[in-house]
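Trainee: Encoded as structure tokens, here's the structure I'll be asking about.
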Amino acid sequence: MKRVVSAALLILLILVLPALAQKPRGLTLSTPYPAQSVQVGETVTISLTLSNRGLAPQIVRVSMKEIAEGWKASLTGGGRPVQAVYVDTDDSVSLNLKLEPPSGIQAGAYRFVVRAQGQGAQSELPIELTVEAQLPPQLAFETELPTRRGSPTTTFRYSVTLTNKGEQETAVNLEAEAPEGFQVTFKLRFGNEEVTSLPIKAGESKSLDIEVRPPKQAQAGEYPITVRALGGQAQALLSLKAIITGQAELNVTTPDGRLSTQATAGQENTLKLKIENNGTAPARDIELSSFPPVGWTVEFDPKTIAEITPNNFAEVTAKIKPSDKTVAGDYMLSITARSEGISDSAEFRITVVTSTLWGIVGIGIIVIALGAVGWAVSRFGRR
């Protein structure tokens, strides 16, 4: 009896197990990522796979059963829009689902359902897109050295980085507020062209050089400069500072402004000089020097000036002595004032005349010569 039961169970297992091992039959729509997150305004393309499991080869209609309001959906295969596909037994076909959002889409979850309808079999695939709100443009300035120091002739340069920390591209306008007379320009790093606006993509940074030129007569002090980047509703502010230490500016002239005078050869002649400081800082330890013609001597009284304050002057007497062999005519004399790395020179035209003493001596020589000739004629002419 036991042998009969065992044999029956064995026959049952032989008949049932193959049936249990059979694969499921039907149509299957699938995608690796049925739920995704996208950005506002982003068009999404999703890869689909339609599989025929154990069914006869057939043509399967594909369509959208459900589409979120306002969206556009299209199914493509082989690069073309399709409404049906042919699927062989135990084979699969690849499709693409393109989803385009409407303008003004709001953040939220949106549902779509794709349907595949075959001969007595169908499959549906739900897809969910979560639209995330994009961060608006967020602008930020960064610089390591917001303070620069120099003279009124210095061009103050600041290296800055402007970053869009938002998730949207924006066009940025650059502006600056500076004290009166200051000029502010913007340049892209390693470029010479000035810019007043530029586009910045989401997450992008731009390297800029900001140049500030103070007016020539700017007084010593601290000057604030505010730089502003405007992109739609976003803006970034950067505070810069230019510290002007001041600089002396020498000018060599005369009290009446004339750069010419007359001198007598062989004699000491005086020339009054006016040494001006037209700068914004005191000029100290000013030394005077000259470059005269050969054989001339020039001395200054005083030789050095301890200090000339801004917008002030000092008077100096130049003692000029042309060589006694100097021929009458015009000569150029260069006079220089020098102080702590700055200097100024002026060219003076010196008109040299001969001394009247030489004229008297000449006349005396002529008289003596004529007397000698007359004496000789009177004495030896009778013979």
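Trainee: Taking Lys303 as the anchor, which lysines have their alpha carbon closer than 25 Å to its alpha carbon, excluding any fewer than eight residues away along the same chain?
Mentor: Lys272, Lys274, Lys319, Lys321
Trainee: Charges on Cβ only, +1 for Lys and Arg, -1 for Asp and Glu, centred on the Cα centroid of segment 86-226; of Pro102, Ala178, Pro215, which one is farthest towards the dipole's positive end?
Mentor: Most positive-ward Cα: Pro215.
Trainee: If the only charges are +1 at each Lys and Arg Cβ and -1 at each Asp and Glu Cβ, what is the size of the charge dipole of segment 50-109 around the Cα centre, to the nearest 20 debye?
Mentor: 140
Trainee: About its Cα centre, how strong a charge dipole does the chain have in debye, to the nearest 20, once Lys and Arg get +1 and Asp and Glu get -1 at the Cβ?
Mentor: Around 1000 debye, computed over the chain.
Trainee: Next question, about the same structure. So, counting K/R as plus one and D/E as minus one, what does the shell of residues with Cβ under 14 Å around Gly191 add up to?
Mentor: Spelling it out: positives minus negatives among the neighbours equals 0.
Trainee: With an 8 Å Cα cut-off and a minimum separation of 6 or more residues, compute the relative contact order for the chain in percent.
Mentor: 11
Trainee: Identify which of Ser197, Ser339, Ser74 has the largest mean-square fluctuation in a Gaussian network model of the chain, with springs joining Cα atoms closer than 10 Å.
Mentor: Looking only at Ser197, Ser339, Ser74, the largest GNM fluctuation is found for Ser74.
Trainee: Turning to a different aspect of this structure: Here are several values of Rg and Dmax of the Cα atoms in Å: (1) 22.6, 70; (2) 26.3, 87; (3) 50.1, 202. Which one was derived from the coordinates shown?
Mentor: Among (1) 22.6, 70; (2) 26.3, 87; (3) 50.1, 202, the one calculated here is (3).
Trainee: Measure off 7 Å from each Cα along the Cα-to-Cβ vector at Lys272 and Asp91, then give the distance between these two points in nanometres to one decimal.
Mentor: The answer from the label model is 11.5 nm.
Trainee: Please report, in debye to the nearest 20, how large the charge dipole of segment 135-251 is about its Cα centre when each Lys and Arg carries +1 at its beta carbon and each Asp and Glu carries -1 there.
Mentor: Dipole magnitude for segment 135-251 comes out near 200 debye.
Trainee: Additional query: May I ask you to order 206-216, 277-287 by the average number of other C-beta atoms within 10 Å around their residues, highest value first?
Mentor: Per-residue Cβ counts within 10 Å, averaged per peptide and sorted highest first, yield 277-287, 206-216.
Trainee: Can I ask one more? Kirkwood Rh over Cα pairs of segment 250-356 into Stokes-Einstein at 20 °C, 1.002 mPa s: D in µm²/s?
Mentor: This corresponds to a translational diffusion coefficient of 152 µm²/s.
Trainee: Considering the options Thr143, Ala283, Thr336, tell which one lies farthest towards the positive end of the dipole of the chain, charges being +1 on Lys and Arg and -1 on Asp and Glu at the Cβ, about the Cα centre.
Mentor: Selected residue: Thr143.
Trainee: Give me the net charge for the shell around Arg111: Cβ to Cβ below 9 angstrom, other residues only, Lys and Arg +1, Asp and Glu -1.
Mentor: -2
Read the figures in this text as sums done on the coordinates, not as results from a lab. Here the structure is a predicted model, which is why all the values come from computation and not from measurement. Cβ: placed from backbone, ideal geometry, glycine included. Neighbour counts: every protein chain shown.
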